[in-house]
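Peer 1: Dropping a structure here in structure tokens format, bear with me for questions.
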Amino acid sequence: MEHFIVFTDGASRGNPGAGGYGAIVVSLVSKKVWEFGDREDNTTNNRMEMSAIVRALEEIDRIPSKGDYEITIYTDSKYVIQGATAWIFGWQKNNWQTKNKTDVLNRDLWERLATLISNKKIDWRHVPGHSGIPGNERVDEIGTKLADHEPVDLFIGSFEDYSVRDILNTEYDKSSVKKKKTGKAYSYVSVVGGEVKTHSDWNSCKIRVGGKKSKFKKVFSEEEEKELINEWSSK
């Protein structure tokens, strides 16, 4: 049986801001590797995370003569995993409304994803960002460079010609992903009226949340920022 290994990541410079995503698809039967990526000028981190997975699944659908197959997806987005494996079923029943009777964010992408995962055997694997897993490091590089308008050479070809030789290695040192909790802020994250944004400084965060029903938090790394965006976006 064919087995596809998928690595995905999304990035945005601000939330919202310029963003990009990267995806890698590896066929364990044909020993072929595909890299994909794209960017948007005004987007969010969660949209880029979702876009990467949607793109990977769409590209797998385009591969001819697959026969029966299964997919393993490695992503650092708990938002996408929880949405795809749990929340999406309730959203569909409630006409894409949350429990609080508000519109589901990123509905267009969730609807595409719902169609793509239907009747597929998918094993969702959460991995910490920036933990040294080669596949996730590569898709992070693709997404980040595209967000920054930097050139990226995307590979399509034989596994033996691929430069990321240990692409299938998904082991990581858990001690390497301990979160920094002191020192200079990486950013500030706020949520007002269900909309999550990031701020480069405290003053801009304070202006947004002042006098309103809101939440905000200082974070110390890109990974902590992404996790908080994922958590608050799902509320």
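The values are calculated or read from the model by the stated rules, or taken from the named source; none is laboratory data. It should be emphasised that the depicted structure is a prediction, and the values quoted were computed from it without experimental measurement. Quick reminder, even Gly has a Cβ in these numbers, built from the backbone with ideal geometry, and neighbours come from all protein chains shown.
Peer 1: Could you check how many residues of the stretch 205-228 are of a type outside the set (K, R) and within 10 Å of S187 (Cβ to Cβ)?
Peer 2: Here is the first cut: in the stretch 205-228, the residues of a type outside the set (K, R) are 205, 207, 209-211, 214, 216, 219-225, 227-228.
If we keep only those that are within 10 Å of S187 (Cβ to Cβ) too, we end up with 205, 219-222, 224-225, 228.
Residues flagged as of a type outside the set (K, R) and within 10 Å of S187 (Cβ to Cβ) within the stretch 205-228 amount to 8.
Peer 1: So in the stretch 10-48, with the set limited to residues that are touching a Phe, Trp or Tyr at 6+ places or on another chain (Cβ under 7 Å) and either assigned by TED's automatic domain parsing to the domain that holds E195 or of a type in the set (D, E, K, R) (or both), which one is farthest from D148 (Cα to Cα)?
Peer 2: K31
Peer 1: May I ask you to list the residues in the stretch 112-160 that are among the polar types (S, T, N, Q) and under 23 Å from H3 (Cα atoms)? Reasoning before the result, please.
Peer 2: Pass one, the stretch 112-160, residues among the polar types (S, T, N, Q): 115, 118-119, 131, 136, 144, 158.
Selection gives T115, S118, N119, N136, S158.
Peer 1: Output the residue which, of all residues in the stretch 193-235 that are under 26 Å from M50 (Cα atoms) and polar (S, T, N, Q), is modelled with the lowest pLDDT.
Peer 2: Top of the filtered list is S234.
Peer 1: Evaluate the stretch 61-84: report whether one residue or more is in a loop (DSSP other than H, G, I, E, B), at pLDDT below 95 and under 16 Å from the mean Cα position of the chain (by Cα). It would help to see each step written out before you state the result.
Peer 2: Taking the stretch 61-84 and keeping what is in a loop (DSSP other than H, G, I, E, B), we get 63-68, 76-77.
Those left that are additionally at pLDDT below 95: 63-68, 76-77.
After this cut, where a residue has to be under 16 Å from the mean Cα position of the chain (by Cα) as well, the list is 76-77.
Looking for residues that are in a loop (DSSP other than H, G, I, E, B), at pLDDT below 95 and under 16 Å from the mean Cα position of the chain (by Cα), one finds at least one in the stretch 61-84, hence yes.
Peer 1: So which residues in the stretch 93-105 are at pLDDT 95 or above and touching a helix residue (DSSP H, G or I) at 6+ places or on another chain (Cβ under 9 Å)?
Peer 2: W96
Peer 1: Among the residues of the stretch 29-48, how many are farther than 23 Å from G157 by Cβ and in contact with an Asp or Glu (Cβ under 7 Å, 6 or more places away or on another chain)?
Peer 2: Within the stretch 29-48, residues that are farther than 23 Å from G157 by Cβ and in contact with an Asp or Glu (Cβ under 7 Å, 6 or more places away or on another chain) number 0.
Peer 1: If we scan the stretch 88-104, do we find a residue that is charged (D, E, K, R), in contact with a Phe, Trp or Tyr (Cβ under 7 Å, 6 or more places away or on another chain), not assigned by TED's automatic domain parsing to the domain that holds L228 and not in a loop (DSSP other than H, G, I, E, B)? Outline the logic, then answer.
Peer 2: Pass one, the stretch 88-104, residues charged (D, E, K, R): 93, 99, 101, 103.
Now drop any that are not in contact with a Phe, Trp or Tyr (Cβ under 7 Å, 6 or more places away or on another chain), which leaves 103.
Within this subset, residues satisfying the condition of being not assigned by TED's automatic domain parsing to the domain that holds L228 are 103.
Of the ones still in play, those that are also not in a loop (DSSP other than H, G, I, E, B) are 103.
Yes: one or more hits.
Peer 1: Right, here's the next one. Would you mention how many residues in the stretch 3-39 are under 29 Å from H199 (Cα atoms), of a type in the set (S, T, N, Q) and at pLDDT 95 or above?
Peer 2: Residues flagged as under 29 Å from H199 (Cα atoms), of a type in the set (S, T, N, Q) and at pLDDT 95 or above within the stretch 3-39 amount to 1.
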